[in-house]
Amino acid sequence: MKKTGQEMKRAEWQLSRNGLFWVLFAFAVVVLLHMEYLPPWITVTGLVCVLWRILEYRGAVPFPPGPLKALLVAGCVAGLALTYPSLLALEPMLSMLVAGFGLKLLEMHHKRDAVVLVYVALFAAAMGPVFSQDIPGFIGVLLVCAVAAAALVSINQPKARGLSMGPAVIALKILASAVPLMLALFLVMPRLGAFWSIPVPKHQARTGVSDSMAPGEFSELVGSDKVAFRVRFDGEVPARSMLYWRGLVFSDFDGREWTQADFYGSDHLVMDTYDYSHVERLGSPVSYTVTMEPTHRRWLFALSTPGTTERGVQRLRDSRLVNGSRISHRRNYEFRSWLDHRLEPGGLHSYRQRLETSLPAGFNPETVRIAREWARETPDADTLIRRVLELYNRSFVYTLEPPRLGRHTVDEFLWQTQRGFCEHFASSFVFFMRAAGHPARVVGGYLGGEVHPTEEFVTVRQYDAHAWAEVWIEGIGWVRVDPTAAVAPERIEMSLADLFGDDEGFLANSQFSPLRFRNFGLVNWFILQRDYLDYAWATWVLGYERQQADVLNRLLGGIDAPRLGLLFLAAALVTLLPYLVVRFVNRRRDRLEPTDQLILRFCRKLERAGLPRRTGEGILDFARRVAAERPQMANEVLAIANTYAMQRYDERHPPRRHELKMMVRRFNPAKKVTHS
Amino acid sequence: MDPFFGIRQAVRRRFRRWAERRTKTVSECRLNHRRLYILPSKAGLGFLVLVAALWLLGTNYENNLVFIICFLLLSFWVVSIHITHGTLSGLTVKPVRAESVFKGEAAAVELCFSQDRPRRREQISLRFAGGDSQVIALDKAGDTFVTVLAPTARRGYLAPGLLTIESEYPVGLMRVWTHIRFRFDAAVYPAPVRDEARPTGRGGSGEGHYAGATGSEDFVALKTFEAGESLRHVAWKQYAREQGLWSKQYADPVERRTWVDWDDYAGMDTEQRLARMSWKVCASEANGSVYGLRLPGFELQPAQGATHLQTALRRLALYGVDEKNGAGNEAG
């Protein structure tokens, strides 16, 4: 007796075979999901733990003895400490969760342990979006969550059941009915913003335009078809030739590399929010939203000259925008740009004048000599620019594979090779202008982008990276000059994909990119759809907090407690709908045969008159008894009972339901009693 | 160890008292929202902690995808309230029968669970207060009969405390339960206490006295054997001659009757007396004696057999027990 009681208790807390299987499965998919963010030894340890636990279950291997377990734990701790310099980051946390989970598997017998492990699996899975926010990755995360939910269900299944998919079916059913409520919560719950500063995932390489520019760097970017950012205009997309997305301004040149300069003194770099004293803004601005892909750099890309009220975005004196912190996840920025403008037309500070004309000593002597000569011949900046651009136009070649250059990059490019990519043109042009005594600088960013034919948004990819020049002209300010346009004007009007679509260097890093096969209509259509999906995903899901007020207003016509309550009520109703439908259908099925309903109504009438039908009493017997007790209604009662009996039990009898219905309706025992 | 132990105990006690007041003794009980309680289980509370952690993660990383998972899990939790409630909701529980037992033994109580429509309900645990739990599953529409053991702690009518029907099926995040109190006509007999050396009172005799005193037997007549009579009285000779099964009747049966008499056990309290009388009744039956029972204001004529034994024990069990609301005998 006692023993069976104990056995029963044991069955209550012991993990079943199916439960074990599902927990192991959940763990394995979590490890696979995060494989690219985990150090390989953690992945291997995790999968070995799964294997060991399986063998353990089959009795092939004993449970690890105490000392071995202690050794394993110590090994994992040491490994983590060696792998990560600081444990206070996201990857070490994920690794710790996975390692702890794996080791716990080895000694998991209780349902309680299994439940805790499932929660750890859910948390680890939910960390996925912090590392990557693309659609396929998120679908993976959701699948892992579903497996973990199935594991939770399997733990509570009866022990006797063997391996089965049953738990998955139940979990999916519950998850499916949870979706409406989840949507309501997602729409309504306020987003509070970060509470404390957080470690950012470090595994990703920085992408996009780098913070310095050396020959050959831009042509490397052309190898990638990754999206840099997307832009949605609040109106028509400006002409392609206007889409110069400024990101970086290079003013320092060391002979080989262009880097960004720091401004100081009264010319401080960061502008106050409302200080536009250095810009003359003409005409009306264009408004647009830039959805940045994570670059892990701070640069933002905007049309010149931008203004913004975005939190955490700084506007700099050279008219670019910088995010307060590194961009670690996809985010939307709202900008306005005055395309028609004059930047610093009033004059440059003397040190700025020096900075923007300075040249490294001992580099490119030939160019310096010729530039000074030309400057004497044509002192007017405008004419000089035209003369240099004509030089480019005459004999230069725009190519993805420029020859390598030696020490005097500008000299070699301008007077010998004459084959180059945008950075060669921008660099040599700015050098030439500076040598001629005109302030000039190199600007890095993207040019153009692909305008989606139906939606008003532009996708800018890495291969749209571009470098151009800005020259300062007295009384006008900074003027954009794109020397590449002088060589290959089609670059401005066409995308690089159209220009170099068949070239070897283009998309060199992504051999099988669908962009290579755009000439096929279907492929092109697919790419456009994917772009749009990505854009919608970024706007409506990843950047939802920006649309929240708008969406709720449009959906509910206002944001107040009753409306939000109604939204949740609607969500609850949708959740319950399947159950209500099942119930309704079943109720209809359970409904009594109409003749039976009539006779029950008749019995209820008699019961109210003090003549209840006894349990088990047949309807004819009942009628006879009533007839005996109340002779004044005997005829009526017997008639009803007989009609019913014939109707119900005599198949040869023609249906007379209507007659029965009228009889029952007219029948009134109370009236008869009072009359007598 | 647990600083909230006292508070938890107090809350639990209060809830129990409140639930007991709400729980009427019933003969049939349909489980619905009025009868069922539902609260998150420990795992369910842990799940909320997980949801809170995910919310923090989503908020700090300003990551809407983490929010989606967080809200999905929260909704999963909310929907599991409905689903778990459905595990018990719509069931009808009826007491069928219970066997009479001695105090301290577990009474086998047969219950009938019925549902109108076929529906899988798993992992339903049944437990009488103080007893072991038993897990059942239901599937088909109609009646399912289940026997549950109810511990007994007091003689009288079998009124096994609150029956707790509970389940955490299917996700274990919620615990749905109900308490039902059933009354049964079955009795809980006083637990027998051995007491050999009892002086015989008026006309009473110790057991064994009758069996050994063959000389005083005075055979009078034969009568038809009735089921339940002792085999000692069977007229074997007649049976061997194939004249049928007869039992012998003896004259002066008073002399050979055993009386289990309340007055023999003076100087003890009621329960002690009844316990000893219960033993004597059982012992007499085991010996094949013809025995009678005397209680204040009641006398059971001597006889023997299973039915007689049950009548006697039932009398002992119900002695002093109010017919209407018999003293409950729930454990603990």
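Quick notes on this one:
- Test: residue in region A:40-52 that is outside any helix (DSSP H, G or I) and out of contact with any strand residue (DSSP E or B) (no Cβ under 7 Å at 6 or more places or on another chain): no
- Criterion: more than 30 Å from the chain's Cα centre (by Cα), surrounded by 11 or more Cβ atoms within 10 Å (Cβ to Cβ) and at pLDDT 80 or above - qualifying residue of A:PHE622, A:PHE568: A:PHE622
- In this structure, A:GLY128 does satisfy being within 30 Å of A:THR539 (Cβ to Cβ), under 31 Å from the mean Cα position of the chain (by Cα), crowded, with 17+ Cβ neighbours inside 10 Å and touching a residue at least 24 places away in the same chain (Cβ under 8 Å).
- Residues in region A:157-178 that are within 30 Å of A:LEU569 (Cβ to Cβ) and either in contact (Cβ under 8 Å) with a residue 40 or more places away in the chain or outside the structural domain of A:ALA114 (by TED's automatic domain parsing) (or both): A:SER177, A:ALA178.
- A:PRO129 meets the conditions (1) part of a helix (DSSP H, G or I); (2) more than 10 Å from every other protein chain (Cβ to nearest Cβ); (3) closer than 18 Å to A:LEU38 by Cα in every case but one. The failed one is (2).
- Within region A:625-676, being acidic (Asp, Glu) and either at pLDDT 75 or above or closer than 14 Å to A:ILE599 by Cβ (or both) holds for A:GLU629, A:GLU636, A:GLU659.
- Screening the candidates A:LEU20, A:LEU47, A:LEU87 for the property of being farther than 30 Å from B:ASP132 by Cα, at pLDDT 85 or above and assigned by TED's automatic domain parsing to the domain that holds A:LEU163 yields one hit, A:LEU47.
- Subset of region A:519-551 (residues that are without any contact (Cβ under 8 Å) to a residue 60 or more places away in the chain and small (Gly, Ala, Ser)): A:GLY521, A:ALA536, A:ALA549
- Contact map, region A:382-400: residues that are modelled with pLDDT of 90 or more paired with residues that are among the small types (Gly, Ala, Ser) and in a loop (DSSP other than H, G, I, E, B), Cβ distance under 7 Å, separation 6+ or inter-chain. Pairs shown: A:LEU384/A:ALA436.
- Of the residues in region A:521-534, none is farther than 25 Å from A:LYS173 by Cα and within 11 Å of chain B (Cβ to nearest Cβ).
- All positions within region A:135-182 that are part of a loop (DSSP other than H, G, I, E, B) and more than 10 Å from chain B (Cβ to nearest Cβ): A:GLY162, A:LEU163, A:SER164, A:MET165
- Single residue of A:ALA81, A:ALA99, A:ALA70 found to be in a helix (DSSP H, G or I), at pLDDT 85 or above and over 25 Å from B:ALA53 (Cβ atoms): A:ALA70
- Residues of region B:56-72 that are surrounded by fewer than 19 Cβ atoms within 10 Å (Cβ to Cβ) and more than 7 Å from chain A (Cβ to nearest Cβ): B:LEU56 alone.
- Residue check, A:PHE363 part of a loop (DSSP other than H, G, I, E, B) and either closer than 20 Å to A:TRP245 by Cα or of a type outside the set (Val, Ile, Thr) (or both): yes
- Note on region B:215-320: enclosed strands (runs of 3 or more DSSP E) holding 2 or more residues that are of a type outside the set (Val, Ile, Thr), at pLDDT below 80 and buried (at least 16 other Cβ atoms within 10 Å of the Cβ) are B:246-250.
- Strands (runs of 3 or more DSSP E) fully within region B:84-157 counting 3 or more residues that are surrounded by fewer than 19 Cβ atoms within 10 Å (Cβ to Cβ): B:92-98, B:106-115, B:134-138, B:142-151
- Number of the condition not met by A:ARG546 [criteria: (1) surrounded by fewer than 16 Cβ atoms within 10 Å (Cβ to Cβ); (2) within 12 Å of chain B (Cβ to nearest Cβ); (3) farther than 25 Å from A:LEU175 by Cα; (4) of a type outside the set (Val, Ile, Thr)]: (1)
- Filtering region B:118-133 to residues that are more than 12 Å from B:LEU91 (Cα to Cα) and within 11 Å of another protein chain (Cβ to nearest Cβ) leaves B:GLU122, B:GLN123, B:SER125, B:ARG127, B:GLY131, B:ASP132, B:SER133.
- Extreme residue, modelled with the lowest pLDDT, among residues of region B:159-200 that are over 30 Å from B:HIS85 (Cα atoms) and either within 14 Å of another protein chain (Cβ to nearest Cβ) or under 15 Å from the mean Cα position of the chain (by Cα) (or both): B:ASP185
- Some residue of region B:24-45 being in contact (Cβ under 8 Å) with a residue 24 or more places away in the chain, part of a helix (DSSP H, G or I) and within 14 Å of another protein chain (Cβ to nearest Cβ): yes
- Considering each residue of region A:102-110 in turn, at least one proves to be away from every other protein chain (no Cβ under 14 Å), among the aliphatic types (A, V, I, L, M) and either part of a helix (DSSP H, G or I) or closer than 30 Å to A:HIS329 by Cα (or both).
- Filtering B:SER100, B:SER114, B:SER75, B:SER80 for residues that are in contact with a strand residue (DSSP E or B) (Cβ under 8 Å, 6 or more places away or on another chain), within 12 Å of another protein chain (Cβ to nearest Cβ) and either under 30 Å from B:THR311 (Cβ atoms) or among the hydroxyl-bearing types (Ser, Thr, Tyr) (or both) leaves a single hit, B:SER80.
- Qualifying residues in region B:202-212 (those that are assigned to a loop (DSSP other than H, G, I, E, B) and surrounded by fewer than 16 Cβ atoms within 10 Å (Cβ to Cβ)) - the one modelled with the lowest pLDDT: B:GLY208
- Subset of region A:440-450 [touching a Leu at 6+ places or on another chain (Cβ under 6 Å) and either of a type in the set (A, V, I, L, M) or more than 14 Å from A:ARG491 (Cβ to Cβ) (or both)]: A:GLY444
- Counting residues in region A:541-559 that are modelled with pLDDT of 85 or more, part of a helix (DSSP H, G or I) and under 30 Å from B:THR87 (Cβ atoms) gives zero.
- Of residues in region A:400-446 being part of a helix (DSSP H, G or I) and among the polar types (S, T, N, Q), the one farthest from A:LEU221 (Cα to Cα): A:GLN416
The values are calculated or read from the model by the stated rules, or taken from the named source; none is laboratory data. Keep in mind it's a predicted model, so treat the numbers as computed, not measured. FYI the Cβ positions are ideal-geometry reconstructions off the backbone, even for glycines, and counts take in every protein chain you see.
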